[in-house]
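*Asks:* Shown below is the structure under consideration.
The values are calculated or read from the model by the stated rules, or taken from the named source; none is laboratory data. Bear in mind the structure is a predicted one, so any value in this text is a computation, not a measurement. No Cβ is skipped: glycine too gets one built from the backbone with ideal geometry, and neighbour counts run over all protein chains shown. These accessible areas exclude ligands, DNA and RNA; they are computed on the full protein's heavy atoms, side chains included. Shrake-Rupley method; radii C 1.70, N 1.55, O 1.52, S 1.80 Å.
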Amino acid sequence: MNETWAVLFGTNSVAIQAGELQVRPGLGRHQLVIPIQVRPTHESADGHDLSFAGSVSARSLRGAGGYLGRIHPTSPRRIAVNTQLDEYLHVDIDPRQIAVIESYRDGGFALDLQIEIVADSGASHGSATISGHAVSRETWLSLLEQMRYQRTLLLELPAPDNQATPQLAKAVSYFANAQRRFLEGDNRLALEAIRQSLAALANQDPNAEDAAEAVIGELKSLRFGEAQFVERFDLVRRAAKLLSDLAAHPEVAETGPHEVRSAILIAGGLLQWYTAESGVQR
């Protein structure tokens with residue numbers, strides 16, 4: 001926990017600690033929740049009613065960062081020396097801001113809190129600053145799941161029957177892993193999981209790479225007036241697998257978020273078709 005001192009009643013009379021970031025999921029927008037512990041350390045703070053407001057900024061995002069939003073004012077609560085007050089600070093965050101954080105973070109990031117304190121309905125005012133309050137990668141991924149960020153910005157597929165369609169179930173499992181790896185910021189492993197998913201659709205070894213010339217040759221020789229959709233989609237699958245094979249060759253090209261996001265969308269479209277063809281409800 002980060003601890004700071006608030007100047008109030010003419011002295012450093014209150015200590016404030018910030019706890020692990022939480023979230024309150026909403027409809028279309030959410031609230032980040034920052035627990036704080038308020039501990040009066042001087043008798044001058046005894047018996048006063050305190051409320052909190054302020055603002056929150058994000059930083060440690062590959063050099064980027066900035067203002068997130070205002071802290072909603074809390075209701076006044078009385079404090080006493082030698083006791084501890086647990087309070088929660090709420091700040092709104094929308095999907096666009098979440099997407100910006102996701103675009104820049106390499107793991108975790110940090111928050112800066114400017115806390116405004118009002119005592120006794122405005123009779124006295126104070127302030128406190130908490131800088132560099134760490135939000136770990138694990139904490140943030142947990143919050144993303146609670147906000148259903150993955151389901152909102154990526155793709156959901158119906159879960160196939162493991163017994164009836166084991167290959168498809170395996171492919172969907174790899175696809176889910178790819179989305180998880182993407183959220184974690186591990187682009188190469190995300191693309192590797194897409195590669196495994198596309199291979200699983202045809203019950204193939206993901207390490208068995210198609211020659212580009214063979215795929216191009218079959219595309220050129222395809223007689224569109226005769227080929228069924230199953231033949232066409234298999235060629236698209238093989239071409240997409242060829243794209244994802246770059247994950248096995250990082251020395252050829254670096255895999256970035258843009259490439260992974262595009263590969264996820266391509267694979268998701270293929271999985272949607274194969275899922276529907278298997279008889280699983282769309």
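*Asks:* Treat each spin label as a single point 7 Å out from the Cα along the C-beta direction, and report the Thr83 to His125 distance in nm.
*Replies:* 2.7 nm
*Asks:* Once you sort the root eigenvalues of the Cα gyration tensor of region 9-55 as a ≥ b ≥ c, which label holds: rounded (a/c under 1.5), prolate (a/b larger than b/c) or oblate (the other case)? Can you show the working numbers first?
*Replies:* On the way: a/c = 3.61, a/b = 2.66, b/c = 1.35.
Cα axes put region 9-55 in the prolate bin.
*Asks:* Express the relative contact order of region 1-102 as a whole percentage, based on alpha carbon pairs under 8 Å and six or more residues apart in sequence.
*Replies:* On the way: 222 pairs, mean separation 27.5, N = 102.
Over region 1-102, the number comes to 27 percent.
*Asks:* Counting pairs of alpha carbon atoms under 8 Å apart in space and at least six apart in sequence, what relative contact order in percent does the chain give?
*Replies:* On the way: 513 pairs, mean separation 41.0, N = 282.
Computed over the chain, the figure is 15 percent.
*Asks:* Run the helix sum for the chain: -39,500 (n - 2.57) per DSSP H stretch of 4+ residues, divided by residue count, reported at 222 nm to the nearest 500 deg cm²/dmol. If you can, show how the numbers build up before the last one.
*Replies:* Numbers: 8 runs with 106 residues, N = 282.
Helix-only estimate at 222 nm: -12000 deg cm²/dmol.
*Asks:* What are the equivalent ellipsoid semi-axes of region 1-157, built from the alpha-carbon gyration tensor (square roots of five times its eigenvalues), in whole angstrom, biggest first?
*Replies:* Working: eigenvalues 206, 45, 32 Å².
Sorted largest first and rounded, they come to 32, 15, 13 Å.
*Asks:* Moving on. Rolling a 1.4 angstrom probe over the protein heavy atoms, how many square angstrom per residue are accessible across the chain? Before the final figure, lay out each step's value.
*Replies:* Numbers: 14640 Å² over 282 residues.
So the chain comes to 52 Å² accessible per residue, rounded to a whole number.
*Asks:* Also, I was wondering about something else. Summarise the long-distance tail of P(r) for region 26-78 by giving the % of C-alpha pairs beyond 17 Å.
*Replies:* 57 percent
*Asks:* Could you please report the charge total around Ile16, scoring K, R as +1 and D, E as -1 over all other residues with beta-carbon less than 13 angstrom from its beta-carbon?
*Replies:* Numbers: positive: Arg39; negative: Glu3, Asp86, Glu87, Glu116.
Around Ile16, the surrounding residues sum to -3.
*Asks:* To continue, here is another question. Does the chain come out rounded, prolate or oblate by the C-alpha gyration tensor, with a ≥ b ≥ c the root eigenvalues, rounded set by a/c under 1.5 and, if not, prolate when a/b is larger than b/c and oblate if not?
*Replies:* On the way: a/c = 3.93, a/b = 3.02, b/c = 1.30.
Here the chain falls in the prolate category.
*Asks:* Right, next: Amide H to amide H, which residues 5 or more places from Ile93 or on other chains are under 5 Å from it, using H placed in the peptide plane?
*Replies:* Those lying under 5 Å, H to H, from Ile93 are His30, Gln31, Leu32.
*Asks:* How fast does region 167-208 diffuse by Stokes-Einstein, in µm²/s, taking the Kirkwood radius from C-alpha pairs at 25 °C and 0.890 mPa s? Walk me through the numbers before you get to the answer.
*Replies:* Details: Rh = 9.8 Å.
Calculated translational D: 250 µm²/s.
*Asks:* Among Gly69, Gly26, Gly122, which one shows the highest mean-square fluctuation when the chain is modelled as a Gaussian network with alpha-carbon springs under 10 Å?
*Replies:* Gly122
*Asks:* Same structure again: Could you order peptides 91-99, 106-114, 184-192 by the average number of other Cβ atoms within 10 Å of their residues, highest first?
*Replies:* Details: 91-99: 15.8, 106-114: 17.3, 184-192: 19.9.
In decreasing order of mean packing, 91-99, 106-114, 184-192 become 184-192, 106-114, 91-99.
*Asks:* Let me ask another. Classify region 165-243 from the C-alpha gyration tensor, please: rounded if a/c falls under 1.5, else prolate or oblate depending on whether a/b exceeds b/c.
*Replies:* Details: a/c = 2.51, a/b = 1.80, b/c = 1.40.
It is prolate, given that a/c is not under 1.5 and a/b is the larger ratio.
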